1. Checking B:S94 against (1) at pLDDT 95 or above; (2) away from chain A (no Cβ under 11 Å); (3) buried (at least 21 other Cβ atoms within 10 Å of the Cβ): exactly one of these is not met. Which one?
2. Go through region A:83-97 and report how many residues are open to solvent by 20 Å² or more (accessible area, probe 1.4 Å) and either facing chain B (nearest Cβ under 7 Å) or not in a strand (DSSP E or B) (or both).
3. Do you know which of the residues in region A:1-10 that are open to solvent by 40 Å² or more (accessible area, probe 1.4 Å) and assigned to a strand (DSSP E or B) is modelled with the highest pLDDT?
4. Determine whether A:C23 is assigned to a strand (DSSP E or B), open to solvent by less than 60 Å² (accessible area, probe 1.4 Å), in contact (Cβ under 8 Å) with a residue 12 or more places away in the chain and more than 29 Å from B:S5 (Cα to Cα).
5. Looking at A:T67, A:T102, which is the one that is among the hydroxyl-bearing types (S, T, Y) and touching a residue at least 40 places away in the same chain (Cβ under 8 Å)?
6. For region A:74-99, how many residues meet the condition of being more than 18 Å from A:I47 (Cα to Cα) and free of Cβ contacts under 8 Å to residues at least 40 places away in the same chain?
7. Report the residue count in region A:98-113 for those that are within 16 Å of the chain's Cα centre (by Cα) and within 14 Å of chain B (Cβ to nearest Cβ).
8. Which ones in region B:52-86 are open to solvent by less than 40 Å² (accessible area, probe 1.4 Å) and either within 14 Å of chain A (Cβ to nearest Cβ) or in a strand (DSSP E or B) (or both)?
Amino acid sequence: SQQGEEDPQALSIQEGENATMNCSYKTSINNLQWYRQNSGRGLVHLILIRSNEREKHSGRLRVTLDTSKKSSSLLITASRAADTASYFCATALPGGSNYKLTFGKGTLLTVNP
Amino acid sequence: GAGVSQSPSNKVTEKGKDVELRCDPISGHTALYWYRQSLGQGLEFLIYFQGNSAPDKSGLPSDRFSAERTGGSVSTLTIQRTQQEDSAVYLCASSLVAGGAPSSNEQFFGPGTRLTVL
């Protein structure tokens, strides 16, 4: 079964609005990463948050991590049409297998101009 | 070339034929990964190479799937006797691993190969 599950599966907003996507996972992790995918091809790394961190920012992106609830959220502020893409969370297990990322099924974000 | 490249970008084959997919990682990246993404799904881990260490093949779905990495650089994923359920996008990624131990560094993805088995 999937380690990470994104919610919602699809999200449609207007340009300028904020978009929030959530990710839940089942087991302890070393870190959690968010990726963006355009048009079903290659993924682009957005941000990594380690298990001992609670919040990270990168430009218009804000990621939170709550290890007690085994959940993370990705906030995109002041969205743009170019933000339209699928967003995936990926978790890395603790220990020697922390290179192996387990991806969720993604949230499809549509930003309408 | 600054990024990860994959070839071919698209491959259509007939059921039962063998296919080879190629990945050129970013120069200097010692870790290389293969993933499979079926329509509307997340990425499924297939195999991981790190330097000269034995690869982690735990994600390969059957013995029809194999991969090798020659000279610590280019990698080839081979699927023998392809089946229709093998149709998917196959993604390769590489990362820079420091200190000889796996780390959680960012993975850089190629554009993928879309495989269609008729």
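1. Only one criterion in (1) at pLDDT 95 or above; (2) away from chain A (no Cβ under 11 Å); (3) buried (at least 21 other Cβ atoms within 10 Å of the Cβ) is unmet by B:S94, namely (1).
2. Narrowing region A:83-97 to residues open to solvent by 20 Å² or more (accessible area, probe 1.4 Å): A:84, A:86, A:93-97.
Retained after the next criterion (residues that are either facing chain B (nearest Cβ under 7 Å) or not in a strand (DSSP E or B) (or both)): A:84, A:93-97.
Number of matching residues: 6.
3. Out of the qualifying residues, it is A:A10.
4. Details: assigned to a strand (DSSP E or B): yes; open to solvent by less than 60 Å² (accessible area, probe 1.4 Å): yes; in contact (Cβ under 8 Å) with a residue 12 or more places away in the chain: yes; more than 29 Å from B:S5 (Cα to Cα): yes.
Yes; evaluated as a whole, the condition is true for this residue.
5. Working: A:T67 fails: touching a residue at least 40 places away in the same chain (Cβ under 8 Å).
The unique qualifying residue is A:T102.
6. 2
7. Within region A:98-113, the first condition is being within 16 Å of the chain's Cα centre (by Cα), and the residues that meet it are A:101-110.
With the extra rule that they be within 14 Å of chain B (Cβ to nearest Cβ), the set shrinks to A:101-108.
Summing the residues that are within 16 Å of the chain's Cα centre (by Cα) and within 14 Å of chain B (Cβ to nearest Cβ) in region A:98-113 gives 8.
8. Once the filter is applied, which keeps residues that are open to solvent by less than 40 Å² (accessible area, probe 1.4 Å) and either within 14 Å of chain A (Cβ to nearest Cβ) or in a strand (DSSP E or B) (or both), region B:52-86 yields B:D56, B:G59, B:L60, B:F65, B:A67, B:R69, B:S75, B:T76, B:L77, B:T78, B:I79.
The values are calculated or read from the model by the stated rules, or taken from the named source; none is laboratory data. As the structure is a prediction and not an experimental result, all values here were calculated from the model. Cβ atoms come from the backbone with ideal geometry, glycine included; neighbour counts cover every protein chain shown. In case anyone asks, the SASA skips ligands and DNA or RNA and just uses the protein heavy atoms, side chains included. Shrake-Rupley method; radii C 1.70, N 1.55, O 1.52, S 1.80 Å.
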